[in-house]
1. Tally the DSSP beta bridges in segment 319-478 and give the antiparallel ones as a percent, rounded to 5.
2. Using 7 Å Cα-to-Cβ label points, what is the T554/E298 separation (nm, one decimal)?
3. What ranking do 482-495, 516-529, 260-273 get when scored by the average of other Cβ atoms within 10 Å per residue, highest first?
4. For segment 319-478, what class follows from the C-alpha gyration tensor (a ≥ b ≥ c being the square roots of its eigenvalues): rounded when a/c is under 1.5, otherwise prolate if a/b is larger than b/c, else oblate?
5. What percent do you get for the relative contact order of segment 486-541 when only Cα pairs under 8 Å and 6+ apart count?
6. Taking Cα pairs under 8 Å and at least six residues apart, what relative contact order does segment 319-478 come out at, in percent?
7. Take the Cβ-Cβ distance between D165 and E534 as r, set R0 to 56 Å, and report the resulting FRET efficiency rounded to the nearest 0.05.
8. Looking at segment 288-346, which trypsin sites (Lys or Arg not before Pro) are DSSP coil and have at most 14 other C-beta atoms within 10 Å of their C-beta?
Amino acid sequence: MSFLAPLWLALAGAAAVPLLIHLLRRRIGARVEFPAARYLARAEQEHSRKLRLRNLLVMFLRVLAVLCLAAAAARPVGRVAGVGHAPTALAVVLDNSLSSSAVVDGRAVLDRLKRAARAAIAQAAPTDRVWLVTADGRVTGGGAASVTRAVDVLRPLAGRGDVADAVRRGAALVRSSGLPDGTVAVLTDGQATSWPEPISLDAARVVIYAPALRPPLNAAVVAAAAAPTRWTPGGAVEARMLLPSDSAPYRVTLSARGTQRTLARGTAEAPRGGGEATVAVRAAPPERGWVAGSVEVEPDELRGDDARHFAVWVGPAPRALVDASAGPFVRSAIEALVQGGRAQPGPDVRVAAADAVTVLPALILAPDDPVRVGAANRALERAGVPWRFGPPRRGDVQVRFAGQPTRGADDVSAAFRYALVARAGAMADTVARVGSEPWIVSGPNYVLVASPIEPQATSFPVRATFLPWLVEAVSGLAAAGAGQVIDAAPGSQLLRPTGIDALEEPGGARVPLAGDSVAVPDRPGVYFLVRGAERRGALVVNVGPEESVLARLTDGQLRARVEAREVEVRGGEEQWASLLFASSARRSLVAPLLVAALLALAAEAVAARGGRRAAGRRAAGVAPAAERAVG
């Protein structure tokens, strides 16, 4: 037996009151016998034993009533025979991540989970506390009716959510409930990527329902992006797909000002038996400005990952002006771009050595002579570039480009370079490194290279990747004012970009922004960042690629992912539901104790009344006899 409010047991001290009353009522004094009272003494002796027994019974019943009331106030629970259960805290954790929307045998997995959740909540008694916790961390509490309504309206997320955090939150609710019994009831499709590592829940009791369903075959677009993010005016759409078969058709679309058109169609080829496929589609669309796009495969049993979104800025070919200090290789490369229509002569972007830079935007190269470093650093400071050249470094070292291993595999090396030293508050991206030091950095309106672009200093200008990099760098500088592309997961939070005052939704409506953070929309798509009346970038919302991998854990693997006092995993709905209150086979003892107190008080009243009547009868019969004896 245990007590929900043990402090009330202090009321048991009141049981001393009837005992004290009984003791105080004992007649204590000198014994004086009168001849006329001898008859009364004999009568008292005849009935004294019966009176003592009755008085002891009355005292016992009064003490028993007080003890029962005190115990009832402490709200005891204990294991007794019969139906029902003691007050229980039940946290229903329902995994409504995107994978739960997969259709198996003609029915969505989430529908099965919701049915099991409703059956579990229906078992709750009015004395129980019930919560619903979903994969996005939302909590609904209250009575069983309100939690059931929340289950009924629940929809699958457009992303992964965080099932592990939801389970921890459910366990915290059970611990804070104040009830001695509690269960964390988890309903999940058992997707392996949702349970990447064990969850520690200490002394919690966890019962998991993972229906034994075979995951469907799934085709998905797991990556899609424009390369580069600014087309001037052409570029490529690169995508990766997971295919359950050797091939699958795909479509690339562009949307501009409410009009969607097909940019390209094709067939993605995967290894025999299915796997990962990559595609690249080159295009030079007539649209200008920020454009939304998508890569799509045919719909299947999991619709949420059949399309992936991207954004691209499309503009005219950049106008570049090459200074003689940049060297002959850079000049020849720019001339080749002009002849190919990917650049044009003009002053929009300057390409020069650091000591010849006067205005931005500019592609800035290191001076070929260390004697010019002082002038180069002064020029950088005048132009507002928060970097300076440090001591020269010699020795052939490998160059690694951030996020692009193919360039590193192209065997770019640097034999002569300068250390790049950032000034306080410098904001820049490191495009390439040599060892742990930056070699190319990119900031607002500038790209800075730590080596002269000459074969004696670096192998970069004679590699096949140099010309694409140069196009990307010049195009990015030419469109530096256009903004940036920000990738985010549905429902996440990010810092509000500087100067952005609204989000333009796919339908064209604009949502004003306030504060320092932005709540990422729950629906995937392209949301343009707006300043005033202009688009100044794009927020691209896509589901994480891990949601497309539908492989599930076995019951044993799922059990191993939860570290708790007791963990049960069931694939059958009825078996799972029968375990939810198994640890709560104890029932409240408040009602039986109150009934016992009432019975004790009733018995005490009967015994006390009987004692008074007997005393009255004896007094009425003894008095005349005494008078006769005296006479």
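1. 65
2. The answer from the label model is 3.5 nm.
3. 516-529, 482-495, 260-273
4. Rounded is the answer for segment 319-478, as its axis ratio a/c remains below 1.5.
5. 42
6. Across segment 319-478, relative contact order equals 22 percent.
7. Result of the calculation: an efficiency of 0.90.
8. R288
Every read-out reported here was derived from the displayed coordinates using simple, explicitly stated rules and does not represent laboratory data. For clarity, every value in this text was computed on a predicted model and none was experimentally measured. Backbone-built Cβ (ideal geometry, glycine too); neighbour counts: all protein chains shown.
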